[in-house]
1. What list do you get for Ile54, Ile199 if you sort them by fewest beta carbons within 10 Å?
2. Find the relative contact order for region 1-153 and round it to a whole percent, using C-alpha pairs within less than 8 Å whose residues are 6+ positions apart.
3. Please report the Cα spread of the chain along all three principal axes, rounded to whole Å, starting with the longest.
4. Just want the ordering: Asp214, Asp247, Asp161, from fewest to most Cβ atoms lying within 10 Å of their own Cβ.
5. Helix-derived [θ] at 222 nm for the chain: sum -39500 (n - 2.57) over DSSP H runs of at least 4, divide by residue count, nearest 500?
6. Each residue of region 82-93 in turn: what ³J(HN,Hα) in whole Hz from Karplus with 6.51, -1.76, 1.60 and θ = phi - 60°, glycine and Pro shown as x?
7. Taking region 1-86, how much of its Cα-Cα pair set, in percent, is spaced more than 18 angstrom apart?
8. Where the centre of each part is set by its Cα atoms, how far does region 204-247 sit from region 80-154, in angstrom?
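Read the figures in this text as sums done on the coordinates, not as results from a lab. Model, not experiment: these values are computed from the prediction. Note that we place each Cβ from the backbone using ideal geometry, even for glycine, and neighbour counts take in every protein chain shown.
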Amino acid sequence: MDNKLLLIILDGVPWRNFRRLFGNLEGWVDSGEARVWKHRSVLPSISASCYASIHTGVSPQQHGCTGNGNVFRLSHDDVFSQVRKGGGVTGGVAHSFWSEFFNRHPFDPVMDVEYDEPDSQTINHGRFHSMTGYGHHNQMTPSDVDLFGSLTNLCLRHGLDYGMLHTCTLDSMGHRYFHDCQEMDHACFVMDEMLAPFIRRWRQMGYEVIVTADHGQDARGHHGGRDPLQQETALYYFGEAQGPSSDTVIDQLQIAPTVLSRMGAPVADTMQAEPFLW
Ligand SMILES: [Zn+2]
């Protein structure tokens, strides 16, 4: 592997919330340690379809995941499988959809919450949670500091070359409280403050880091369609690569080939979008 990389996906954060409320990320943009671009999700701008597109680099019309009620083991190559082909070690700390898409379906609530499979052709080290029982009155999300800690633990113990972390906290908060409220201001503030020291640490450990979301949310906390508030989020990059001008809009399908090209892993033939870093 040429580089190690961590992809951090904060579910359901619209562009304006990243830019208004994440003071540490924005401070690193000002200091030159990070770059930020607008990132536009695929359609439908719904979580499962976006996870599948982020990691396979193909659209929902190609991979076939039409929404959160249609989760299955995908047939396309993805970032995990390509990093493995390149000889790298992979890990994920995420919602169980990620394990179902890229390792096994259906999700076994005992055997799949935690696994270490050095010979796996996709995910070597997985730590997953299902959020079973999730609803308006109970988010069923783990604390984000625990998730960030778990990913760091996997990096230290297992020498991950590629690690992916996904957390639903802010998506759940948006569905529950919407966006023009103290609850969401505070939730974004806390996420930024919890994440910041880990970014420092991951950089010191030699990782490039990408922080983004799967999609945005509109004023009513909705997403799924074409409204820019639903489709547009931010993408922050910490690393040594060159990127496009700051007014460039990154297409979600560019993420998978970009991660693989940064790492020196083979880009799958199905990943047709151009990498945005070089
Ligand atoms: Zn989502």
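1. On the way: Ile54 27, Ile199 22.
If I rank by nearby Cβ atoms, fewest first, I get Ile199, Ile54.
2. On the way: 176 pairs, mean separation 23.1, N = 153.
Relative contact order of region 1-153: 15 percent.
3. Largest to smallest, the principal-axis extents are 47, 42, 35 Å.
4. Numbers: Asp214 28, Asp247 7, Asp161 25.
Ordered from fewest to most neighbouring Cβ atoms within 10 Å, Asp214, Asp247, Asp161 come out as Asp247, Asp161, Asp214.
5. Values: 11 runs with 104 residues, N = 278.
Roughly -11000 deg cm²/dmol at 222 nm, from the helical runs in the chain.
6. Once θ is set to phi - 60°, the couplings for region 82-93 become 6, 5, 4, 4, x, x, x, 9, 10, x, x, 10 Hz.
7. On the way: 2034 of 3655 pairs.
Of all Cα-Cα distances in region 1-86, 56 percent exceed 18 Å.
8. 21 Å
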